[in-house]
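Read-outs: derived from the displayed coordinates by stated rules, not from any lab. All values reported here derive from a predicted model rather than from experimental measurement. So basically every Cβ, Gly included, is an ideal-geometry build from the backbone, and we count neighbours across all protein chains shown.
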Amino acid sequence: MTAFRIFLGAFFAVLFVYTAIVGINHGWNIMPIFFGDMAAMTWPGQFNLDFFGFLLLSGLWLSWRHEFTPAGLALGVLGIFGGIGFLAPYLIFASLQANGDPKVLFLGQARANR
C-alpha cells in the first residue's frame with residue numbers, strides 16, 4: 001500500500017506542475033478543446049473519448065462506494081471533473097482511513113463489513 005500511495009502522490013505532483021504550465025501558456029478553458037477534438041473525429045478525439053470513459057467510471061465508482069448518498073454523488077462529480085487530480089488525493093486519504101485494507105478501500109467500510 002505504501003508504494004501505491006507514493007505513486008499517487010508523485011503522479012499528483014507531476015500532474016499539478018504540468019497542468020500549471022499548460023494553463024499558464026494556453027489558458028484554462030479546456031472544455032472546447034477536449035470536446036472539439038472528439039467532434040473532429042481525430043486520434044486526439046479518440047483518446048479524449050477513451051479518457052472520458054475512465055472519468056465517468058471513476059465518478060460512478062466514487063458514487064457507488066458511498067452508496068449513492070448526496071455526498072457520494074458530489075464525490076462522483078468531483079471525480080469526473082477532477083480526474084486523477086482529485087482521485088489521487090482521495091485514494092491516499094481513503095487508503096489511510098482503510099488502514100491499508102484493499103477490501104475496505106475499494107468497497108467502502110459498509111460493504112466490506114457485510
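Points worth noting:
- With both labels modelled 7 Å from their Cα along Cα-to-Cβ, the Phe81 to Gln109 distance reads 2.8 nm.
- Short-range pairs are left out: with C-alpha atoms under 8 Å and at least six residues apart, the relative contact order of the chain is 25 percent.
- For the chain, Kirkwood radius (reciprocal of mean inverse C-alpha pair distance, Å): 15.5
- Note on Gln97 and Ala71: the model spin-label points, each 7 Å out from Cα along the C-beta direction, lie 0.6 nm apart.
- Segment 63-114: relative contact order in percent, alpha carbon pairs under 8 Å with at least 6 residues between: 26
- For the chain, built as a Gaussian network whose Cα springs stay under 10 Å, the top-fluctuating residue of Phe52, Phe68, Phe16: Phe16
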